[in-house]
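Working notes for the structure below.
The values are calculated or read from the model by the stated rules, or taken from the named source; none is laboratory data. These figures come from a predicted structure and were not determined experimentally. Note that each Cβ is placed from the backbone with ideal geometry, even for glycine, and that neighbours are counted across all protein chains shown.
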Amino acid sequence: MTSAAKNFDPAVIWALLEEVKDPEIPVLSIVDLGIAREVKDTIDGQLEIVISPTYSGCPAMYMLEEQITETLINHGYPDPVITTRLSPAWTTDWMTEEGRKKLEAYGIAPPEKTTTNKSVLFGGQKKISCPRCKSDNSEQISEFGSTACKALYRCLDCREPFDYFKCI
């Protein structure tokens, strides 16, 4: 039995996972994003963390696995097991409300609550609120922003460009 089993307190582990930040959006933890899915004490007494990538092939996942392992080891949880679960696929619905607020404060428009956008069927675009001035008067500049999971928008009132974290 490892010390992980002796000291297993899910609340403590979840708090430690809050320390692991997304390398592309450093104000968000893997808990905020919903990447951290489950904390388990395995039958053989190891601590297991189940994670889901925001999309398959996400280049940050290996770095996040290393950061999770390092964080847990540094806090006295030796040899944690990191398991990647692809199904069900990650969705922006898994982001916490706190994470959405952090995104907006950081200058990135958070994902909408719905994944449907019927306006594009008629040549329209989503109207995304500007995270700076809160205006809904915006236009999409590019389907892809600074990363594949973001689109680039411009506010037509304050004229500032901003990223929108796409709804997946």
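Observations on the model:
- Qualifying residue in region 8-24 (condition: β-branched (Val, Ile, Thr), within 24 Å of Cys130 (Cα to Cα) and under 12 Å from the mean Cα position of the chain (by Cα)): no
- Restricting the search to strands (runs of 3 or more DSSP E) fully inside region 124-166 and requiring at least 3 residues that are within 17 Å of Leu103 (Cβ to Cβ) gives 150-155, 161-165.
- Per-region count, region 130-166, residues out of contact with any Lys or Arg (no Cβ under 8 Å at 6 or more places or on another chain), within 26 Å of Cys58 (Cβ to Cβ) and of a type outside the set (D, E, K, R): 8
- Selection status of Ala105, in a loop (DSSP other than H, G, I, E, B) and on the phi < 0 side of the Ramachandran plot: no
- Picking from residues in region 124-136 that are at pLDDT below 95 and exposed (fewer than 13 other Cβ atoms within 10 Å of the Cβ), the one that is farthest from the chain's Cα centre (by Cα) is Gly124.
- Criterion: more than 17 Å from the chain's Cα centre (by Cα), assigned by TED's automatic domain parsing to the domain that holds Pro10 and among the aromatic types (Phe, Trp, Tyr) - qualifying residue of Tyr55, Tyr62, Tyr77: Tyr77
- Hey, Leu72 within 22 Å of Cys149 (Cα to Cα) and either touching a His at 6+ places or on another chain (Cβ under 7 Å) or of a type outside the set (Lys, Arg) (or both) or not: no
- Some residue of region 10-29 being among the charged types (D, E, K, R) and in a helix (DSSP H, G or I): no
- Hey, Ser142 among the polar types (S, T, N, Q), at pLDDT 90 or above and either surrounded by 14 or more Cβ atoms within 10 Å (Cβ to Cβ) or assigned by TED's automatic domain parsing to the domain that holds Asp22 (or both) or not: no
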